[in-house]
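Structure record follows, encoded as structure tokens.
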Amino acid sequence: MRHIQLSERQEKIIQIVTDNQPITSDAIAGRLNLTRATLRPDLAILTMAGILDARPKVGYFVTGKTKLSYVSDTIKDIYVKDVLSVPIVLDEAISLYDAIVFIFLEDISSVYVTNEGFLTGVVSRKDFLRSAIGGTDLHKVPIGVVMTRMPNIIYTTKEENILSAAIKLIEHQIDSIPVVEFIDVDQKRLRVIGRVTKTTITRLFVELGNNL
Ligand code: ADP
């Protein structure tokens, strides 16, 4: 992951350029009481980082890149395959009761449901609560009856950018999306190979914050 840590002097240079652009390296050096040679490595770093740019005979100016634009640049290079967690899957025939015990033990809020190894649905806390309130016999009814079913399942793939996977979580107001692999050409059968959850995104957010 890219790590941008600017020195105090580099921050000062950015401020001087912001306030006086375009400004020559001589003039920046003068304001800092330094020689141009001393400043050269800092200017080189800031230019390479894309924060400053220089026009010959005119001087330095800021490109408008902020720390936030570094975050978005960094996110553009992160894919689902870089951050996914292991999938947590149950067979459709499992009873609601056993599935509820399972989500407690695993400390998760939803489970992907499969039949003969292929994704058929997702069952979450709300689905369990709805069944419980409705008086369903939790020991007898299998999760396949109450889950959200294919083709209504929102999923992602290893190659999808993490930002667009996160947008799916927000737009569909769900906590988790399975990461799938297509088994046949018409993409009807999907194998679950991972999961991306709101926790995945929160963890990534913290990691990015710590690297700013
Ligand atoms: P909770 O039940 O804790 O609110 P969610 O917000 O993830 O958890 O789920 C809300 C509803 O959306 C549930 O009915 C669940 O079956 C469904 N759901 C959850 N994940 C998905 C998904 N990836 N694709 C389609 N539906 C989903």
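Find the all-direction average of the projected area of the Cα convex hull for segment 72-212, expressing the result in square nanometres with one decimal place. Directional mean of the projected Cα hull area for segment 72-212 stands at 9.2 nm². Label-to-label distance for I45 and V101 is 5.9 nm, based on points extended 7 Å past Cα in the beta-carbon direction. Classify segment 8-65: rounded, prolate or oblate, from the alpha-carbon gyration tensor (a ≥ b ≥ c, eigenvalue square roots; a/c under 1.5 rounded; otherwise prolate if a/b is larger than b/c)? Since a/c stays below 1.5, the shape of segment 8-65 is classed as rounded.
Under 5 Å from the amide H of G194 lie the amide H atoms of V179, each residue being 5 or more positions distant or on a separate chain, with H modelled from the backbone and absent for Pro and chain starts.
Against the chain, whose longest principal axis is taken from its Cα atoms, helix 67-76 shows a tilt of about 50°. A cut-off under 14 angstrom between Cβ atoms defines the neighbours of I100, and their net charge, with Lys, Arg +1 and Asp, Glu -1, is -1. Under 5 Å between amide hydrogens, built in the peptide plane, is the criterion, and for G59 it picks out nothing among residues at least 5 positions away or on other chains. Across the chain, Cα pairs under 8 Å and at least six residues apart give a relative contact order of 20 percent.
Phi angles across segment 34-43 convert, under the Karplus curve 6.51 cos²θ - 1.76 cosθ + 1.60 with θ = phi - 60°, into 3J(HN,Hα) values of 10, 7, 5, 5, 5, 7, 3, x, 5, 5 Hz, Gly and Pro given as x.
Residues in segment 187-212, backbone N under 20 Å from the label point at E11 (7 Å along the Cα-to-beta-carbon vector): list them, ranges by number please. Only 208-212 pass the distance filter. Axis angle, to the nearest 10 degrees, between helix 96-106 and the longest C-alpha principal axis of the chain: 30 degrees.
Taking the Cα centre of segment 75-212 as reference, the dipole from Cβ charges on Lys and Arg (+1) and Asp and Glu (-1) amounts to some 260 debye. Taking all protein chains into account, the per residue accessible area for the chain stands at 60 Å² (1.4 Å probe).
With a 1.4 Å probe rolled over the protein heavy atoms of all chains, the accessible area of D184, D137, D26 falls in the order D26, D137, D184, largest first. If you count Lys pairs in the chain whose Cα atoms are under 17 Å apart, skipping same-chain pairs closer than 8 places in sequence, the total is 13. When the residues E160, E116 are ordered by accessible surface, computed with a 1.4 Å probe over the protein chains alone, the sequence from largest down reads E116, E160. Where the accessible area of segment 8-65 is counted over protein heavy atoms with a 1.4 Å probe, how much of it, in %, is carbon and sulfur? Accessible surface attributable to carbon and sulfur in segment 8-65 totals 52 percent. Taking the accessible area of segment 110-212, probe 1.4 Å, and keeping the other protein chains in place, the carbon and sulfur fraction comes to 55%. Pairs of Cα atoms nearer than 8 Å and 6+ residues apart set the relative contact order; for segment 8-65 it is 40 percent.
Between 0 and 90 degrees, the angle of helix 162-171 with respect to the longest Cα principal axis of the chain falls at about 60 degrees.
The values are calculated or read from the model by the stated rules, or taken from the named source; none is laboratory data. On a predicted model such as this, the values are computed, not experimentally measured, just so you know. No Cβ is skipped: glycine too gets one built from the backbone with ideal geometry, and neighbour counts run over all protein chains shown. Ligands, DNA and RNA are excluded from the accessible area calculation, which covers all protein heavy atoms including side chains. Shrake-Rupley method; radii C 1.70, N 1.55, O 1.52, S 1.80 Å.
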